[in-house]
Amino acid sequence: MSTLLQQLRQTVGHEHVLTPETDLSAWEQDWRQRARGKALAVVRPATTDEVAQVVRSCAASGTAIVPQGGNTGLVVGSVPDDSGTQIVLSLQRMNRVRALDTENLTLTVDAGCILQQVQDAAAQASLLFPLSLASEGSCTIGGNLATNAGGTQVLRYGNARELCLGLEVVTAQGEIWHGLSGLRKDNTGYDLRHLMMGSEGTLGIITAATLKLFPQPAAQLTAWATVPDLHAAVQLLSLAQRQLGAALTGFEVMSQFSLSLVAKHLPQLNVPLYTQSPWCVLLELSDNESEAHAHQAFEILLGAAMEAEVVTDAVIAQNLSQAQALWQVRESISMAQAQEGLNIKHDISLPISSIPAFVAETDALLEREIAGVRLVNFGHLGDGNLHYNVQAPEGGNSQQFLQTHEDRVNTLVFEQVRKYEGSISAEHGIGTLKVHTLPRYKEATALAMMRALKQALDPQNIFNPGKVLP
């Protein structure tokens, strides 16, 4: 291993090969602090050529590589195991904006660019990169693509996969695929780009991407509404889609209890109307005409919804500051829940029409199974993605709650997801957290095809072993 470390230092520079003599916790521990691994070293290349050389050196010695961006994932997919034999390949030094084409509406960036940096680069050209996540100040675009991240504007713009036109990737043999095309049509064989996105670093290392940009809307408005139940929320979504069409860019649902945690732990945030109703909805409208036109569209929509008794009360943000405050409440739910204590997270997707029945039935099952259990339910109703989280009873030991109930709770929730023909992972991925459950909820033929792809592209199994595929 000393020979490998020497080669890596020659490639990226002595100061960019970090070994356990220094504190590696920022790279070895996942964001939720659910797992802590042990790395042989953390290697921080600055160029794609350096990444390729690192991979060649590791392949020659049979050393596994764990690619890592901002390490903000929620399924323990970007940290090493505890063997002390794996290299963590951090791409954070690769943070250049390579090219902007305003006529082709594309932006080419290194994989280590922070998502907010990408958004800002587009905004400086009066354009929009619409991927938006609560972790956008720390997650990287490479990680977003490797996990096919979703976020709050999937309803209008799609997942990360739909926002990427081209990739640059280092293969398990240390070769570079130069696929940074800005083409919107290219029907010349297998779509390698889509294969890499969502593979969580198990098939190749994304080093750069060409991303889709969009014109900035003339106006963007946010509204907050209370609804009597989830059936009403689904009805409001249908009404909003009919009346607003593609202008509806966001539709989030939040339970009363999830919002009460924000009010409790982040009292500086003003959580509107949540005490009046069991559910609140956050809507975003992007208008290509004017702010006045957008405001009128929202007023017509909410008026019709109130007349139909789908909405009981609502507020429309009057300026950007108010809109940002509303979104901050929504994006702070996870932080508030973490402050309440460890919890069991679920990132599921379901047919939108099935969500009310799923929640009612699964809530009842969990409440019957665990006395006093608390359910923190929120998410992207517009695309059928719920963060269906389970909190320990009030005053209980959250660590003990996880140890005692996590497996049973996961099984119960996942079986309900299967019953309603959903997915156990909507946008967070599989990582190691869900890898052992995947065979139960993924068709055997699909798993066999995935294994065949892994064997063909990474026959030594050096890219993120133990992740995604059981």
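Quick notes
- Over the chain: helical MRE at 222 nm, DSSP H runs n ≥ 4 each giving -39500 (n - 2.57), nearest 500: -11000 deg cm²/dmol
- If you model the range 1-153 as an ellipsoid using its alpha carbon gyration tensor, with each semi-axis the square root of five times an eigenvalue, the axes come out at 30, 19, 11 Å, biggest first.
- Angle of helix 256-265 to the longest C-alpha principal axis of the chain, folded into 0 to 90 degrees and rounded to 10: 70°.
- Taking other C-beta atoms within 10 angstrom as a stand-in for reagent exposure, W327, W31 fall in the order W31, W327, fewest first.
- Whole-angstrom gap from the range 270-347 to the range 392-427, using each part's C-alpha centre: 27 Å
- Reported to the nearest whole Å, the Cα centre-to-centre distance from the range 60-89 to the range 97-124 is 27.
- The antiparallel fraction among DSSP beta bridges confined to the chain stands at about 85%.
- Net charge dipole size for the range 170-322 [Lys, Arg +1 and Asp, Glu -1 on Cβ; Debye, nearest 20]: 380 debye
- Sorted by Cβ density within 10 Å, fewest first, the residues F298, F463: F298, F463
- Ranked by how many other Cβ atoms sit within 10 Å of their own Cβ, fewest first, the residues L4, L365, L301, L145 fall in the order L365, L4, L301, L145.
- Tilt relative to the chain, helix 2-12 - C-alpha long axis, 0 to 90 degrees, to 10: 70 degrees
- Report note on the peptides 164-170, 255-261: ranked by the mean count of other C-beta atoms within 10 Å, highest first, their order is 164-170, 255-261.
- Each Cα pair under 8 Å and six or more residues apart adds its separation to the average, and for the chain the resulting relative contact order is 15 percent.
- Net charge contributed by nearby residues that have their C-beta within less than 13 Å of K434 (K/R +1, D/E -1): 0
- Placing +1 on the Cβ of every Lys and Arg and -1 on the Cβ of every Asp and Glu, with nothing else charged, gives the chain a dipole about its Cα centre of roughly 1060 debye.
- Taking the longest Cα principal axis of the chain as reference, the axis of helix 291-307 is set at about 60 degrees.
- Two numbers describe the Cα atoms of the chain: Rg and Dmax, which are 22.7, 73 Å.
- With a Förster radius of 22 Å applied to the beta-carbon distance between E361 and E394, the computed FRET efficiency rounds to 0.40.
- For the range 2-90, the pair-distance distribution built from all alpha carbon pairs, in bins 5 Å wide starting at 0, is 3, 16, 28, 25, 17, 9, 2 percent.
- Computed from point charges on the beta carbon alone (+1 for Lys and Arg, -1 for Asp and Glu), the dipole magnitude for the range 97-215 about its Cα centre is near 240 Debye.
- Cross-link pairs beyond the 18 Å C-alpha cut-off, checked among K442/K467; K212/K467; K212/K454; K38/K345; K419/K454: K212/K467; K212/K454; K38/K345; K419/K454
- Sorting the segments 67-74, 230-237 by their mean number of nearby beta carbons within 10 angstrom, highest to lowest, gives 67-74, 230-237.
- Our Cα-only numbers for the range 155-293 put the radius of gyration and Dmax at 20.7, 59 Å.
- Note on the chain: dipole from Cβ charges, positive end direction compared against G151, S398, Q173; the farthest Cα belongs to Q173.
- Computed as a quarter of the hull surface, the mean projected area of the alpha carbon convex hull for the range 82-239 stands at 13.1 nm².
- Solution diffusion estimate, µm²/s, Stokes-Einstein, the range 228-312, Kirkwood Rh from C-alpha pairs, 25 °C, viscosity 0.890 mPa s: 177 µm²/s
- Here is the tail figure for the range 311-424: Cα pairs spaced more than 22 Å apart come to 41 percent of all pairs.
- On a per residue basis, the convex hull of the C-alpha atoms belonging to the range 393-451 measures out at 112 Å³.
- Placing unit charges on the Cβ atoms of the charged side chains and taking the dipole of the chain about its Cα centre, the candidate lying farthest along the positive direction among L386, P215, T48 is T48.
Quick note: the coordinates plus some simple rules give every number you see, no bench work behind them. Model, not experiment: these values are computed from the prediction. No Cβ is skipped: glycine too gets one built from the backbone with ideal geometry, and neighbour counts run over all protein chains shown.
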